[in-house]
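The values are calculated or read from the model by the stated rules, or taken from the named source; none is laboratory data. Nothing here was measured: the structure is a model prediction, and the numbers come from that model. Glycine also receives a Cβ, built like all others from the backbone with ideal geometry; neighbour counts cover every protein chain displayed.
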Amino acid sequence: MSEEFARLKNDIDALIENLTDADFFVPGEDIVIGCSTSEVIGHHIGKQSSMEVAEVIFETFSEMAEKFDVNIMFQGCEHINRAVTMEQKVAKKRGYEIVNVVPHRGAGGSLSEYAYQHLGEPVVVEHVTADRGIDIGQTLIGMHVRHVAVPFRTEQKTVGRANVTIAFSRPKLIGGPRAHY
């Protein structure tokens, strides 16, 4: 592994450690991951897609998912309407409608392509309502996080050269000034 990819792996490991220390991972919950591999290596989103970066990110988050018994999903880019690649069993369990598209670097992005090639039984769905989200490189995962999305702060603010934004969800507060929560 090159020095650059070793640093990338260290960044992701540090992010996962921050999230672990804060009890972010809840067994059985869904986590949507959006990532611009271009941003990770210091380029404008969508301009320098990298399968090597996708591999490091996919493999590291797959290990995390197995360790914490969470379901990971990978958001594609705008060219497939930010559709999400995931395991078929999770899509069926959640009642998500499966769509007919195969993500690739030019439409979906490297991470979605890599996930589609390496998940056990991959499918793509158009919309999800994940419990939590990790956005690497400002890919706009908010549309796939259940309402109400709440920012989650970590010490690790970047992966490679990309900014990281984390969100979890909480139930809506309803009822007005007389309500008790």
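Things worth noting here:
- GLY46 falls short on exactly one of the conditions (1) more than 23 Å from THR165 (Cβ to Cβ); (2) in contact with a Ser or Thr (Cβ under 7 Å, 6 or more places away or on another chain); (3) outside any helix (DSSP H, G or I), and that condition is (1).
- Taking (1) outside any strand (DSSP E or B); (2) buried (at least 19 other Cβ atoms within 10 Å of the Cβ); (3) at pLDDT 95 or above in turn, VAL164 satisfies each apart from (1).
- Answer residue from the stretch 72-93, given it is touching a strand residue (DSSP E or B) at 6+ places or on another chain (Cβ under 8 Å) and in a loop (DSSP other than H, G, I, E, B) and is nearest to THR60 (Cα to Cα) among those: GLY76
- Hits in the stretch 80-91 - residues which are over 21 Å from GLU55 (Cβ atoms) and not aliphatic (A, V, I, L, M): ASN81, ARG82, GLN88, LYS89
- Only a single criterion out of (1) free of Cβ contacts under 8 Å to residues at least 60 places away in the same chain; (2) crowded, with 18+ Cβ neighbours inside 10 Å; (3) touching a helix residue (DSSP H, G or I) at 6+ places or on another chain (Cβ under 7 Å) is not satisfied by SER50, namely (1).
- Leading residue by the ranking (farthest from GLY108 (Cα to Cα)) among those in the stretch 49-70 that are charged (D, E, K, R) and part of a helix (DSSP H, G or I): LYS67
- Residue list for the stretch 14-35, restricted to those being on the phi < 0 side of the Ramachandran plot, in contact with an Asp or Glu (Cβ under 9 Å, 6 or more places away or on another chain) and assigned to a loop (DSSP other than H, G, I, E, B): PHE25, VAL26, PRO27, GLU29
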